[in-house]
Amino acid sequence: MEVPPEHCPGVESADAGKADACAGCPNRGICSSGDLQTGPDPKVAEIAAKLMNVKHIVLVMSGKGGVGKSTVSSLLARYLATDKTVNVGLLDVDICGPSIPKTMGVEGEEVHQSMSGWSPIYVSDNLSVMSCGFLLSSADDAVIWRGPKKNTIIKQFLADVDWDRLDYLVVDTPPGTSDEHLSLVSYLKQCSNLRGVIIVTTPQEIALMDVRKQIDFCRRVGLNVLGVVENMTAFLCPNCHKESTIFKPSVDGMNQLLEKGIPLLGRIPLDPMIGKACDEAIDVFENNKDSKTITAFEAIGHHLVKVLNDLNHE
Amino acid sequence: MISDVKHVVLVLSGKGGVGKSTVAVQLALALTHGGNYKGKDSAVIWRGPKKNAMIRQFLTDVNWGELDYLIVDTPPGTSDEHISVVECLKEFRNPDGAVLVTTPQALSIGDVRREITFCRKGNINILGVVENMSGYVCPHCSDCTNIFSTGGGESLAKYANIKFLGRIPIDTQLGECTDDGIDFIHNFKNSETAQRFDSLAKNLFNE
């Protein structure tokens, strides 16, 4: 049984694996090996070299779960891919709850290995996807893994997927600020094409509280915050076409973010069409392009492309 | 001591934002009364082992006094926190079981199916599944829209052969109470939503 010591110094600590409390801890070996430290891991340079052919790497994060990270990641990837002259990759590092195979309509696909690495799954000619979901044998399979094992698979996803040339690599993450996020940051740290993070939130205070934590995390690990997308903003009744607010917006909370200089990239209304599109893997830019919701998202995507290109020229 | 608690119930879900904390809090309120919610702006950046140590401390060192029910709220997923809670609890007592929370969407059902596998592998009894965010009644025209689809929780219960505990609608008042730390069940006890939580709590321990 894996029982961590009461006074575990934490794996990033210089004392990891070496403190008195570590004696007898099952993780002592891996902690003291330095594998979990941000120290020189040859893989970091290997990952930077592998992803050199990607123009922009963008991470999608949120402190709170269920606010629409995977929805925003999928919509963004699909939006970017509407430009047939660019190539878009979508990487799902939510190891325990991979949603991307479903939202992109590629559930049950299997990943093939070639000489140059794992081949991603192609949704269309210029849009490819990689997810832990492709490694599971059935929809009931659970990934019951502790941190170190999740880190190993993330490292593999970054180093071994054969994306070829990409204009954009969108990375969907699980909620929170823990193993997966720390691993991403440390493995991508030599990637000069890592442009930053999009933070997804819903309007209410309980979600914004987590956004502030996420921004604090980004600041502490040196990640650029590209901006915030507010999802599920207001509900438009399909019957009477009047708006109502389901998640009471925290005006103070949003103002606090703006005061900190965090740009609001845009707001996405709470529209049953979006949930349905995710459940049924519908390409909304193809099928629902006249909807107000999609227009709102296109504005976000357009804005983001501009921000990314400006960063590229800096 | 945790071994003296009459009932220990875990609240689990594979997916985030489906209402685990809301259900955990309202369940606790429906069973007794009390509950508080606090938070700060600084991020807790811990890797697994440190979180596991914290969980162990919560389970062994908190002096609960005499308890009839201990409701354990968990983060989304099937990783460090979940393995630790289950392993640590089992040293003292087996939990009565787990309440699974889902929204009706296929996206959420997929994650909860994985959570069911987690429970079965860890020999955790599944007390039942709650379908949260099930339908929203427009305040202008009273028309009900199933924003996140409908019926997913019930069909999951049938598919996995577990008890369906009930449906909780999207209720603006419940969300606001959760934001402000207000006791919803007490303050809105006549509302449809509060009554659903009440029957959910009753369903939980009735065969």
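Is there any pair linking a residue in the range A:280-309 that is under 21 Å from A:LEU264 (Cβ atoms) to one that is of a type in the set (Asp, Glu), with Cβ under 7 Å and at least six apart or on different chains, and which?
As it stands, the answer is A:THR293/A:ASP271, since those pairs meet every condition given.
Only one of A:PHE297, A:PHE285 is in a helix (DSSP H, G or I) and closer than 26 Å to B:HIS140 by Cβ. Can you tell me which?
Matching residue, one of A:PHE297, A:PHE285: A:PHE297.
In the range B:152-164, is there at least one residue being in a loop (DSSP other than H, G, I, E, B), more than 10 Å from chain A (Cβ to nearest Cβ) and at pLDDT below 95?
No, the range B:152-164 contains no residue that is in a loop (DSSP other than H, G, I, E, B), more than 10 Å from chain A (Cβ to nearest Cβ) and at pLDDT below 95.
Determine the pairs where a residue that is over 14 Å from A:ALA234 (Cα atoms), located within the range A:264-277, has a partner that is in a loop (DSSP other than H, G, I, E, B) and of a type in the set (A, V, I, L, M) with Cβ atoms under 9 Å apart, the partner being 6 or more residues away or on another chain.
What qualifies is A:GLY275/B:ILE147; A:LYS276/A:ILE282.
Restricting the search to the range B:76-123, which residues are within 24 Å of B:LYS50 (Cβ to Cβ) and hydrophobic (A, V, I, L, M, F, W, C)?
Across the range B:76-123, the qualifying residues are B:ILE83, B:VAL85, B:VAL86, B:CYS88, B:LEU89, B:PHE92, B:PHE118.
Within the range B:1-45, which residues are surrounded by 22 or more Cβ atoms within 10 Å (Cβ to Cβ) and at pLDDT below 85?
B:ALA43
Is the range A:119-142 home to any residue that is out of contact with any helix residue (DSSP H, G or I) (no Cβ under 8 Å at 6 or more places or on another chain), within 14 Å of chain B (Cβ to nearest Cβ) and small (Gly, Ala, Ser)?
For the range A:119-142, residues out of contact with any helix residue (DSSP H, G or I) (no Cβ under 8 Å at 6 or more places or on another chain), within 14 Å of chain B (Cβ to nearest Cβ) and small (Gly, Ala, Ser): present.
Just to be sure I understand, how many residues within the range A:82-106 are buried (at least 24 other Cβ atoms within 10 Å of the Cβ), of a type in the set (A, V, I, L, M) and under 11 Å from A:VAL129 (Cβ atoms)?
Residues flagged as buried (at least 24 other Cβ atoms within 10 Å of the Cβ), of a type in the set (A, V, I, L, M) and under 11 Å from A:VAL129 (Cβ atoms) within the range A:82-106 amount to 5.
Yes/no matrix, rows are residues, columns are (1) surrounded by fewer than 24 Cβ atoms within 10 Å (Cβ to Cβ); (2) part of a helix (DSSP H, G or I); (3) facing another protein chain (nearest Cβ under 7 Å):
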{"position": "B:GLN57", "(1), (2), (3)": "yes, yes, yes"}
{"position": "B:LEU67", "(1), (2), (3)": "yes, no, no"}
{"position": "B:ILE83", "(1), (2), (3)": "yes, yes, yes"}
{"position": "B:PRO104", "(1), (2), (3)": "no, no, no"}
{"position": "B:ASP111", "(1), (2), (3)": "no, yes, yes"}
{"position": "B:VAL129", "(1), (2), (3)": "no, no, no"}
{"position": "B:MET133", "(1), (2), (3)": "no, no, no"}
{"position": "B:ILE147", "(1), (2), (3)": "no, no, yes"}
{"position": "B:THR150", "(1), (2), (3)": "yes, no, no"}
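The values are calculated or read from the model by the stated rules, or taken from the named source; none is laboratory data. What you see is a predicted model, and the numbers here were worked out from it, not measured in a lab. We place every Cβ from the backbone using ideal geometry, glycine too, and count neighbours over all the protein chains shown.
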